[in-house]
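**Q** Take this structure first; my questions come after.
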Amino acid sequence: MKELLIQIITLQIKVLQLKLKYHMEQTINSRRIYNTAKSLLYPQRDITPQDLTDDDVACAESVSQVLRMCGVRGISQLGIVSTIRMFEFLSSSEQFIKVETPLPGDVIISVTGTGNGKLSNGHCGITGVINIMNNHSDTGLWIASYTLEQWEKRYHDYGGMVSNFFRMI
């Protein structure tokens, strides 16, 4: 019994060490997400032409399609069509961990309905080296727009929403 307990504790320590490592380093999978998201920027295109949701609220649908392209399991072909559902998916998926500091290829999400009411919708995207890649609400095109600082000013400072970051392990 004592040996089994030692083995369990040893395994738990190894899991914690791996999670700590993933919190501090870009993973192969997050690098794949970054490269895929970046490759879709030029020429600019609508990466969700089936328009399951209106372009002005298609950020989660667009991000989910990028994740599907990168082999993320559990996303239907139709994708995820709200920041609320995207947050639930990322939070419960064993494929992602929540991190405090984003690196290129991480998903950033400020969830609709969680702020102070000044913004009617949240938003999500894929972090890049300088800009966040996301669906442009006016055109429906996949673009690199916000810097992290601009995102924080809009969604956190003005909208009262938390910026959540998820890294694929």
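**Q** From GLY140, GLY128, GLY105, GLY122, grab the single residue that is within 10 Å of the chain's Cα centre (by Cα) and within 27 Å of TYR42 (Cα to Cα).
**A** GLY105
**Q** Same structure again: Select from segment 104-114 the residues that are in a loop (DSSP other than H, G, I, E, B) and either small (Gly, Ala, Ser) or modelled with pLDDT under 95 (or both) and write down the one among them that is surrounded by the fewest Cβ atoms within 10 Å (Cβ to Cβ).
**A** Ranking the qualifying residues of segment 104-114, first place goes to GLY113.
**Q** Any residue that is farther than 26 Å from GLY140 by Cα, surrounded by fewer than 16 Cβ atoms within 10 Å (Cβ to Cβ) and either of a type in the set (D, E, K, R) or at pLDDT 75 or above (or both) - is there at least one of those in segment 10-19?
**A** For segment 10-19, residues farther than 26 Å from GLY140 by Cα, surrounded by fewer than 16 Cβ atoms within 10 Å (Cβ to Cβ) and either of a type in the set (D, E, K, R) or at pLDDT 75 or above (or both): present.
**Q** Could you tell me whether any residue of segment 77-85 is touching a Gly at 6+ places or on another chain (Cβ under 8 Å) and of a type in the set (Val, Ile, Thr)?
**A** yes
**Q** Out of the residues in segment 20-45 that are within 13 Å of ILE169 (Cβ to Cβ) and touching a Pro at 6+ places or on another chain (Cβ under 9 Å), state the one that is modelled with the lowest pLDDT.
**A** Filtering segment 20-45 for residues within 13 Å of ILE169 (Cβ to Cβ) gives 20-33.
In the following step, the residues that additionally are touching a Pro at 6+ places or on another chain (Cβ under 9 Å) were identified as 26, 30-31, 33.
Working: GLN26: 84, SER30: 96, ARG31: 96, ILE33: 98.
So the residue we want is GLN26.
**Q** Okay, next question. Six or more apart or on different chains, Cβ under 7 Å: which pairs go from a residue in segment 156-169 that's closer than 26 Å to GLN95 by Cβ and at pLDDT 95 or above to one that's surrounded by 19 or more Cβ atoms within 10 Å (Cβ to Cβ) and aromatic (Phe, Trp, Tyr)? Could you list them?
**A** If the second residue must be surrounded by 19 or more Cβ atoms within 10 Å (Cβ to Cβ) and aromatic (Phe, Trp, Tyr), the pairs left are MET161/TYR155; SER163/TRP151; SER163/TYR155; ASN164/PHE87; PHE166/PHE96; ARG167/PHE96; MET168/PHE96.
**Q** Of all residues in segment 53-100, how many are at pLDDT 90 or above and in a helix (DSSP H, G or I)?
**A** The total comes to 21.
**Q** Kindly state which strands (runs of 3 or more DSSP E) lie completely within segment 115-169 and contain at least 3 residues that are crowded, with 21+ Cβ neighbours inside 10 Å and in contact with a helix residue (DSSP H, G or I) (Cβ under 6 Å, 6 or more places away or on another chain).
**A** Counting at least 3 such residues, we get 123-127, 131-135, 164-168.
The values are calculated or read from the model by the stated rules, or taken from the named source; none is laboratory data. This is a predicted model, so every value here is computed, not measured. Reconstructed Cβ throughout: ideal geometry from the backbone, glycine too, with neighbour counts over all protein chains shown.
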